[in-house]
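> Have a look at the structure that comes next, please.
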Amino acid sequence: MKQHRPRYFFTVMMVLLSACVIEKEDTTEENECSSLHCQPVSRLTNVMDRQKPKNSQTLGRKCQPSGRKLEKRSCAAGLLCVPDSANEREGTCLYECGEKKSSVLEKNHARCPEHLRCMRKKNKARLTIGMFCLPVQNEAHKPCEAPFDEDACSKGLMCLPVSENNYQCKEECTEEKKCSNAKEQCFLPPYARLLWQQDKDHKKVPCDADLCQKNVALCPCDSLRGFFCQKEQHSSNGRCLRKVGVCGQI
């Protein structure tokens with residue numbers, strides 16, 4: 001038995017050495033391993049993917065809002081779940097782009113991706129929720145995202161509420177500004193926007209409703225251009241306004 005010990009010992013050592021070499025080669029092929037489980041990078045990537053929230057939503061995806069409070073909820077990082085105008089129980093994952101300057105919320109288009117613009121998002125009562133990155137509508141009579149926002153439509157169109165929770169891009173018209181499409185006419189729909197009269201210095205013209213009613217000649221509102229004095233609540237003060245027409249087929 002003593003004659004076989006060297007050969008046996010040599011065989012065991014060779015097996016151990018070969019195992020170490022194989023283990024080193026496997027580690028090299030897998031590049032890096034986790035210190036916890038010694039898994040290759042490819043396997044770790046799969047593990048990380050499985051650890052991501054299954055309800056994580058990307059830009060423009062639907063989400064479940066949390067009442068009036070804007071939160072991330074199920075949206076991806078950097079996005080907020082913003083209630084939809086038509087149904088506040090449903091929401092959309094959006095980027096916030098409002099920036100406070102001297103206590104005034106202003107648009108910051110630089111926060112939005114190139115294909116989006118910063119707009120004032122409104123709720124069902126048409127009160128501003130905040131400013132968010134939204135798509136621009138390029139065609140007339142097509143749906144738009146932000147009513148009365150100058151960035152909601154392109155080509156000089158205005159986003160108007162044609163009916164309840166239904167906003168469309170429309171071409172506005174006045175006596176001075178005719179419709180660009182010869183097949184359309186200028187008319188005053190129920191949803192027509194009110195425009196405030198401006199003076200030579202581009203300042204809004206106020207008026208006294210009681211005075212305008214008694215003596216039209218002393219009223220600062222330009223009645224020949226369709227302006228009238230709209231009285232404010234609980235005051236005789238008013239504003240010189242007129243309805244802005246919309247181009248369409250009557």
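The values are calculated or read from the model by the stated rules, or taken from the named source; none is laboratory data. Here the structure is a predicted model, which means the values were calculated and not measured. Glycine gets a Cβ as well: all are built from the backbone with ideal geometry, and neighbour counts include every protein chain shown.
> With respect to the numbered conditions (1) at pLDDT 90 or above; (2) touching a Pro at 6+ places or on another chain (Cβ under 9 Å); (3) under 27 Å from Thr92 (Cβ atoms), which one is the sole condition not fulfilled by Asp208?
Exception for Asp208: condition (3).
> Oh, and also: For Tyr191, only one of the following conditions fails: (1) touching a Ser or Thr at 6+ places or on another chain (Cβ under 8 Å); (2) not in a loop (DSSP other than H, G, I, E, B). What is its number?
(2)
> Considering only segment 124-131, I want to know if a residue exists there that is crowded, with 19+ Cβ neighbours inside 10 Å and of a type in the set (D, E, K, R). Reasoning before the result, please.
Keep residues of segment 124-131 that are crowded, with 19+ Cβ neighbours inside 10 Å, which gives 131.
With the extra rule that they be of a type in the set (D, E, K, R), the set shrinks to none.
The answer is no, given that none of the residues of segment 124-131 is crowded, with 19+ Cβ neighbours inside 10 Å and of a type in the set (D, E, K, R).
> Report whether or not Cys219 is more than 21 Å from Phe148 (Cα to Cα) and surrounded by 14 or more Cβ atoms within 10 Å (Cβ to Cβ). Step through it out loud before you land on a result.
On the way: more than 21 Å from Phe148 (Cα to Cα): yes; surrounded by 14 or more Cβ atoms within 10 Å (Cβ to Cβ): yes.
Answer is yes for this residue.
> Which is in contact (Cβ under 8 Å) with a residue 24 or more places away in the chain, within 23 Å of Leu79 (Cβ to Cβ) and surrounded by 15 or more Cβ atoms within 10 Å (Cβ to Cβ), of Ala140, Ala152, Ala209, Ala192? Quick ask: steps written out before the conclusion?
Values: Ala140 fails: within 23 Å of Leu79 (Cβ to Cβ); Ala209 fails: within 23 Å of Leu79 (Cβ to Cβ); Ala192 fails: within 23 Å of Leu79 (Cβ to Cβ).
Result of the check over Ala140, Ala152, Ala209, Ala192: Ala152.
> Of the conditions (1) touching a strand residue (DSSP E or B) at 6+ places or on another chain (Cβ under 7 Å); (2) at pLDDT 90 or above; (3) closer than 30 Å to Ser85 by Cα, Asn181 clears all except one; give me its number.
Here Asn181 clears every test but (3).
> Quick one: Leu160 ticks every box in (1) at pLDDT below 95; (2) in a loop (DSSP other than H, G, I, E, B); (3) buried (at least 16 other Cβ atoms within 10 Å of the Cβ) bar one, so which box is it?
Failed condition: (2).
> Here's a follow-up. Return the pair list, or none, for Cβ contacts closer than 9 Å from residues in segment 87-116 that are within 16 Å of Arg61 (Cα to Cα) to residues that are loosely packed, with under 10 Cβ neighbours inside 10 Å and among the basic types (Lys, Arg), at least 6 apart or on different chains.
Within 9 Å, the pairs are Glu88/Arg68.
> Picking from Cys221, Cys212, Cys240, which residue would you name as being assigned to a helix (DSSP H, G or I) and not charged (D, E, K, R)?
Working: Cys221 fails: assigned to a helix (DSSP H, G or I); Cys240 fails: assigned to a helix (DSSP H, G or I).
The conditions single out Cys212.
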